[in-house]
1. What is the distance in Å between the Cα centroid of the range 378-427 and that of the range 439-454?
2. Which lysines, if any, have their Cα less than 23 Å from the Cα of residue 316, not counting same-chain residues under 8 positions apart?
3. Measuring from a point 7 Å past the Cα of residue 375 along Cα-to-C-beta, which residues in the range 407-449 have an amide N at less than 12 Å?
4. Determine the calculated [θ] at 222 nm for the chain from helices alone, applying -39500 (n - 2.57) to every DSSP H run no shorter than 4 residues and normalising by the residue count; nearest 500 deg cm²/dmol.
5. How high is the relative contact order of the chain, given as a whole-number percent (alpha carbon pairs under 8 Å, six or more residues apart)?
6. Rank the residues 442, 241 as a footprinting-exposure proxy: fewest other Cβ atoms within 10 Å of their Cβ go first.
7. List the residues, sorted by chain then number, that are 5 or more residues from residue 427 or on another chain and whose placed amide H is less than 5 Å from its amide H.
8. Could you tell me which label, among (i) 25, 61, 14, 0; (ii) 16, 21, 16, 13, 14, 12, 6, 2, 0; (iii) 26, 56, 16, 2, 0, carries the value of P(r) over Cα pairs in 20 Å bins from 0, in percent calculated for this structure?
Amino acid sequence: MNPSTALRQNRSDDPRSASALPPNFVWGVSTSSYQIEGAANVDGRGQSIWDVYSHEAGHIANNDTGDVACDHYHRYAEDIELMHRLGVQAYRFSTSWPRVLPQGRGAPNEAGLAFYDRLIDGVLARGIQPWLCLYHWDLPQALQDRGGWLTRDIVGWFADYAGLIARRFGDRVKHFATFNEPSVFTLFGYGFAWHPPGHKDRSELLRAIHHVNLAHGAGVDAVRAAAPSASIGAIYNVQPSRAAGSGQDDVAAARLLDAYWNRAFADVQLLGRYPEELSELLAPLIMPGDLPRIHRPVDWLGVNHYSPIYARADDKDPMGFAWADAPPGVRRSPIGWQLDPDAFRKTLLEVSARYRLPIYVTENGAGAAERLDSKGEVDDVERIAYLRSYVEAMRNAVQLGADIRGYFVWSLLDNFEWGAGYASRFGLVYVDYTTQCRVPKSSAHWYARLIRSHAAQTAEGAP
């Protein structure tokens, strides 16, 4: 794409939404290891549960896999240059547990650790701060074979992994997150059978929830011990849970989905208690001292938000409710997700009031099915409209008192979008998966202008 063309096309999009945000507000982009790295069988990397699951026919759209993805493992320098051109101040990525510990435990893989050395050093050389997430869903298959999140042993395995990463990179990485969206990989993996391991068993879901929470607490302690000056948090997806119908059964279903989706992890990790709707179900799993082990001091929390979610009553489902579609007639993104920036504003205010910690919006963005046009460009005006309206909603939340200190777009690159494979594109940068050519979309240039606008406003207001 010709940057000057993109700027002309969007000249009316003066991104004044940056005003009223704190002067040190962090603008960033997010990715995750399995979704972009590829190199699945390179340099001693072990298998993850997503390697196995994606190779089983029928799980992923078009039977796509993350074997190559964006080939970021080999093209990371090019991707760092793209971030530099955007002007982002922070890059949120995840380390691949099976890349650094092929068996999930035991001897580390030096080649895998060295890759993240190169990545972190390259990011820092361009003036970008690395934000490292320890777990973005790619559990080593070797640990899944030992019980995965269903065995309490995994708490120690995760703590050992967290300590390894913090010792290796804590001299350069100043921001660590334990987990990304734990409610997604537990609920979809054990409640609805949409993600690996593909189970539908409420008792397994409850065990996984509690063990992930214990692993979070142990991970916080391990990072603190290895990198005492690090800023530590966790990343939660927080989206309003709404009833698909007006009946009391649907209202109750929405409340239960809210407990699993929005509060099963954040409440116990940040407030020291499980949601009332789940506390009795989880009680048999809680051993003396568990809640204090989970409720460890953290410095910030990440909020991932895209759209409201819906539930309906279903007494035939093991969960007691079913996931539902948004009602007809609502505004939707190109991939059918509801557009509701006011729900984002309200979510940020509610999270700020409930947990009283600094908030970083660690994922927000819009998906679409896109192709290069005749000019070899992607003029993604709908994504720009989405980002503009959601940034404005965030700005309004700040004006109303929410303590929000950063915003990360999902995602830097088009990538492997889990069950949707490569059909849904969320990137600011278009990726041709055949040639691995990267093409910044109009939204990339819009975001760069937004960041420059905030920097200019900050400079004007400086004493």
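Bear in mind these aren't lab numbers, they're just calculated from the coordinates by the rules spelled out. The structure presented is a predicted model; accordingly, all values stated were derived computationally and were not measured. All Cβ positions, even for glycine, are placed from backbone atoms using ideal geometry, and neighbour counts span all protein chains on display.
1. Their Cα centres are 12 Å away from one another.
2. 200
3. Residues 442 qualify, since their backbone N sits under 12 Å from the label point.
4. The per-residue figure over the chain is -12000 deg cm²/dmol.
5. Computed value for the chain: 20 percent relative contact order.
6. With the fewest neighbours first, 442, 241 line up as 241, 442.
7. Under 5 Å from the amide H of residue 427 lie the amide H atoms of 411, 414, 415, each far enough along the sequence or on another chain.
8. Computed from these coordinates, P(r) over Cα pairs in 20 Å bins from 0, in percent corresponds to label (i).
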